[in-house]
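The values are calculated or read from the model by the stated rules, or taken from the named source; none is laboratory data. If you're wondering where the values come from, they're calculated on a predicted model, not measured in any experiment. FYI the Cβ positions are ideal-geometry reconstructions off the backbone, even for glycines, and counts take in every protein chain you see. In case anyone asks, the SASA skips ligands and DNA or RNA and just uses the protein heavy atoms, side chains included. Shrake-Rupley method; radii C 1.70, N 1.55, O 1.52, S 1.80 Å.
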Amino acid sequence: MRYIPEAQSSAIVTHEMAFEAISEAFQAAGAQGSVVFPALIAHGSNPSNRFSVKSGATEALAGLKMGFIWPGNTARGLPTHNSVTVLFNQDTGGVHAVIESGVVNAFRTAAADAVATNQLARKDAKTLAAFGAGNQAGYDCMAIARIRNIETVLVVNADAARAERFAQRLAAHGLKVERASAQDACARADIIVTATPAKAPLFEADWIRPGTHISCMGADGVGKQELPTGLYGRSKLFCDLAAQSVVIGEFQHAAALIQAGAVALTQIGTVLSGQALGRQDDQAITIFDSSGIALQDLYIADRLLSACPISA
């Protein structure tokens, strides 16, 4: 069994590695022989401490990712989010590799945003709005800045001190950040990323202008919601995995419309493979829901194993 600790995996992972792995994972999600099993959403002895188990398999890989959210870690000076990825030995059963993947998970989630945004955002997009100023939002902004010429990041966050720390963090990577209200950010943004634990819409549907692309990264459980439902009818909807998106993702709130055929939901992997169209004109509003699928974790774990030297 191979074991890669957090210090090693975080030193190896890059935005480029994650982008390539997630592109492959999204396409694999629709391939014959691939399966993503229903996600398990649970909690620890203290119900505020949550964890999830996401598992899947392709013809070449099988395994799972355990994700942990421990809010009390903030007071301890520890990360609130952590992850462990396990790849199975498909010949004999058992564990092939265990990878501590806290930082890797942030790169992986940001890469999902970047891969979808690269397909769906206008090529001339220059202004990015970030709803949320947490760790993941920062990674998302940096990943998007790799695939679009972002001149300004507008951060929407009620906590001024948190927003300032966010601005300083992105400034260290060459990004200019301004604090904005939700309405102002929507009016100015070419691309919007939402990375919050919200259970109610973050803005009004009529604030979104034509041509905007929105990536929703926060909804990964029943009851979570970042977007107003009134936006769905005006937009083209995309996701990582349709079956999961309508259950625990942002589009759980569009499930009835999708089932009735009032709006269509397209998996981003089919756009990447050329089986479906992404953005078709500069006036379209596009929305990508990232509920997070296990194949993303398996593919980036496999690349980490290839990049990590085996100890003698």
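Amide hydrogen proximity for residue 215: with H placed 1.01 Å from N in the peptide plane, the residues at 5 or more positions away or on another chain lying under 5 Å are 192, 193, 194, 288.
Quick check: from the Cα gyration tensor, does segment 141-184 come out rounded (a/c under 1.5), prolate or oblate? It comes out oblate by the Cα gyration axes. Put a plus charge on the Cβ of each Lys and Arg, a minus charge on the Cβ of each Asp and Glu, and nothing anywhere else: the dipole of the chain about its Cα centre is then about 400 debye. Of all accessible surface on the chain at a 1.4 Å probe, what whole percent is carbon and sulfur? Exposed carbon and sulfur together represent 52 percent of the surface.
Relative contact order for the chain: 20 percent, from Cα pairs under 8 Å spaced at least 6 residues apart, divided by residue count. Multiplying the residue separation of residue 7 and residue 73 by 0.36 nm and subtracting their alpha-carbon distance yields 21.9 nm.
Ranking 152, 271, 58 by how far each Cα lies toward the positive end of the dipole of the chain (charges on Cβ) leaves 152 at the top.
Ranked by the mean number of other Cβ atoms within 10 Å of their residues, highest first, the peptides 182-191, 4-13 come out as 182-191, 4-13. Set against the labelled values (i) 166; (ii) 125; (iii) 137, volume of the Cα convex hull per residue in Å³ computed from this structure falls on (iii).
Where a ≥ b ≥ c are the square roots of the eigenvalues of the C-alpha gyration tensor, would you call segment 18-73 rounded, which needs a/c under 1.5, or, failing that, prolate if a/b is larger than b/c, or oblate? Because a/c hits 1.5 or more and a/b exceeds b/c, segment 18-73 counts as prolate. Solvent exposure of segment 49-116 amounts to 43 Å² per residue of accessible area, where only protein heavy atoms count and the probe is 1.4 Å. For segment 76-168, the set of trypsin sites (Lys or Arg not before Pro) satisfying both a DSSP loop assignment and a count of at most 16 other C-beta atoms within 10 Å is given as 123, 126.
Partners of residue 54 within straight-line reach, counting lysines whose Cα lies under 30 Å from its Cα and excluding those fewer than 8 residues away in the same chain: 65, 199, 224, 236. You can think of it this way: the chain between residue 35 and residue 206 has 57.8 nm of extra reach, that is 0.36 nm per residue less the Cα-Cα gap. Each residue, residue 16 and residue 171, gets one label point 7 Å from its Cα in the Cβ direction; the gap between the two is 2.9 nm. For segment 237-312 and segment 190-216, what is the centre-to-centre distance using only Cα atoms, to the nearest Å? Between the Cα centres of segment 237-312 and segment 190-216 lies a distance of 17 Å.
Of the chymotrypsin sites (Phe, Trp or Tyr not before Pro) found in segment 159-232, no site is in coil according to DSSP while having at most 13 other Cβ atoms within 10 Å of its Cβ.
On the basis of the beta-carbon distance and an R0 of 25 Å, residue 234 and residue 199 show a calculated FRET efficiency of 0.65.
Counting only DSSP beta bridges with both residues in the chain, the antiparallel share comes to about 45 percent.
Once the chain from residue 273 to residue 48 is taken as fully extended at 0.36 nm per residue, the excess over their C-alpha distance is 77.0 nm. Charges were assigned to the Cβ only: +1 to each Lys and Arg, -1 to each Asp and Glu. The resulting dipole of segment 126-171 about its Cα centre is roughly 140 debye. Taking Cα centre as origin and charging only the Cβ of basic (Lys, Arg, +1) and acidic (Asp, Glu, -1) residues, the dipole magnitude of segment 6-150 rounds to 500 debye.
Would you mind classifying segment 100-212 by shape? Square roots of the alpha carbon gyration tensor eigenvalues, ordered a ≥ b ≥ c; an a/c under 1.5 is rounded, otherwise it is prolate if a/b is larger than b/c and oblate if not. Since a/c stays below 1.5, the shape of segment 100-212 is classed as rounded. Okay, which of segment 40-62 sit inside 17 Å, backbone N to the point 7 Å along the Cα-Cβ direction of residue 243? Inside the label zone: 40-41, 53-62.
Taking all protein chains together, 66, 217, 1 sort by accessible area into 1, 66, 217, largest first [probe 1.4 Å]. Across segment 276-282, coupling constants 3J(HN,Hα) worked out from phi with the 6.51/-1.76/1.60 Karplus curve, θ = phi - 60°, read 9, 8, x, 5, 10, 7, 6 Hz, and Gly and Pro carry x.
Take segment 234-312 with all the other protein chains still there, run a 1.4 Å probe, and you get 42 Å² of accessible area per residue.
Taking all protein chains together and a 1.4 Å probe, the residues 222, 263 rank 222, 263 from largest to smallest accessible area.
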